[in-house]
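Remarks on the structure that follows.
What follows draws every value from the coordinates through simple rules; no lab data is involved. Since this is a predicted model, take the numbers as computed values, not measurements. Don't worry about glycine lacking a Cβ; one is built from the backbone with ideal geometry, like all the others, and counts go over all protein chains shown.
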Amino acid sequence: MNYHADINTSPVTAVDRERRDAAAGIQTTDRFARFSQRNDMFNRAFWDDEIRRPEMMAFFDSYRKTPSFRRGRGFGQKDFALRNAAWAVSDEFSSRGESQGIREGFNAPLQPTAQVASEQVEVESRDDMTAEIKQIAKLFGAGIVGIAPYDPRWTYANRVSSATFEEDETGLPEGLTSVVVLGHEMDRALVDTYPSAVAGAATGNAYSEETATVIRLSQYIRNLGWQAVGSMNDSALAIPYALQAGLGEYARNQLVITPEYGPRVRFSKVLTDLPLVHDQPRLLGVRRFCDVCTRCIDACPVKALPSGPPSDVQLNRSAIQGVIKWTSDAEKCFGFWADLRSDCAICLRVCPWNRDFGYWSNRVWRWFARTPARGWLIKLENLSKRGKRKQSTNWWKRVKSVTPR
Ligand code: SF4
Ligand code: SF4
């Protein structure tokens, strides 16, 4: 593979890009600049003396070295044991090149198990190939799949070395045209227990599943003789691609709300030059809903979420420049995670879109959420017990009550 960033080439015209942005709810300004991965909060915790503190290192250590179990419900040894085990597949890949500065899935793409085949399968029908890739992505474990055009705006300006935390080339091959975006559902019963260590198993599990899906799908495409970069949090922002791939709509809690899982989903991607058909973005009524809902703002323990309409205010260097959107204060948010020694997703748990849309009643709710009845839905939500934290002990009791077959 030729690892030189082809950041200036987009497979769509400027007019088409503008149309797609409007359809996806993406707004940029003249101040737009690509995001440098060095400014991501997880990386700043290692090099930025303005924010780094011992609790942040203790947070990272609690995943792989010294789980900080304690008396509080949801933070016992079993809770940390489950959380950390859920991360194990992702950890296996992210740690194998870490000392050389390559933290796969986080600071660098998943490294190929075999290079691009020398013979290239001819693509006679883009439609057929697209359908095939989506089916295979699901065979490999993805819950939802969409395809967006490659867009150099979302490629990181720089990647960061996990050994030195210095900037390095993002290093994507030239000629990329498409991004296959993969969504993995987070377990609802675990999410209900946020904040707790056991809830973190919902995140860890999704990361481990993503790793297994992305590494297989990207290898399949390389075996066909086309380029494929398996990517999780590395290389490029996932959220704009999920929006462009028609998987959902951006919300105030900084998550993409999908019609299948609401906000309870994690995204990864495969960047490729395989000829594919791009999906169209679709709006679900989330923007209008968030305009009148404040549940995530009210529930955030450190008040890290913004009120008011989307804006391009940059609270600190961990926010992308020149994009009009709802942006959290990442310093406050990650500071809370560090103190907790576990990830937080209270703003996901309390979101009214966090429902199981397998039930017809929730599909009816979703239909009304697009209408002016949304105000009533929020009032009902506030009166009900939905979104309240469930004790982790209930989750463990549930595990015990299921008789293995
Ligand atoms: S993850 Fe937790 S701390 Fe961060 S914005 Fe959401 S509720 Fe607030
Ligand atoms: S809790 Fe309300 S405001 Fe926050 S993301 Fe969900 S719908 Fe939007």
**OP:** Mind giving me the FRET efficiency for A88 and M57? R0 is 30 Å, r the Cβ-Cβ distance, nearest 0.05 is fine.
**Re:** 0.90
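Counting only helical runs of four or more DSSP H residues, what would the 222 nm mean residue ellipticity of the chain come to if each run contributes -39,500 (n - 2.57) and the total is spread over all its residues?
Rounded to the nearest 500, it is -11000 deg cm²/dmol.
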Original post:
Quick one: net charge of A14's neighbours, Cβ under 14 Å, K/R +1, D/E -1?
Top reply: 0
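Output the peptides 352-359, 327-334, 243-250 sorted from most to least packed, where packing is the average of other Cβ atoms within 10 Å over each peptide's residues.
243-250, 327-334, 352-359
Going by average Cβ neighbours within 10 Å, how do the peptides 34-40, 125-131 rank, with the highest at the top?
34-40, 125-131
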**OP:** Kindly provide the pair-distance distribution of region 165-268 built from C-alpha pairs, with 5 Å bins from 0 and whole-percent values in order of increasing distance.
**Re:** 2, 12, 18, 21, 19, 14, 8, 4, 1
Original post:
How are the C-alpha pair distances of region 1-115 spread across 5 Å bins, as whole percents from the shortest bin up?
Top reply: 2, 8, 11, 15, 14, 13, 12, 11, 7, 4, 1, 0
Subject >> lysines with Cα under 20 Å of K303, excluding same-chain neighbours fewer than 8 positions away >> reply: K325, K332, K388
Subject >> Summed residue charge, Cβ within 9 Å of G230's Cβ, Lys/Arg positive, Asp/Glu negative >> reply: +1
Subject >> Ratio of Rg to Rh over the chain (Cα coordinates, Kirkwood Rh, two decimals) >> reply: 0.95
Subject >> FRET efficiency, 1/(1 + (r/R0)^6) with R0 56 Å, evaluated for R64 and D16 via beta carbons >> reply: 0.80
Original post:
For region 338-405, what does the alpha-carbon gyration tensor say about shape, rounded, prolate or oblate, given a ≥ b ≥ c as the root eigenvalues, a/c under 1.5 as rounded, and a/b over b/c as prolate?
Top reply: oblate
Subject >> Computed E for D356/E50 - FRET, C-beta separation, R0 41 angstrom, nearest 0.05 >> reply: 0.45
Original post:
Which of K138/K400; K78/K385; K134/K269; K65/K400 have a Cα-Cα distance over 20 Å?
Top reply: K138/K400; K78/K385; K65/K400
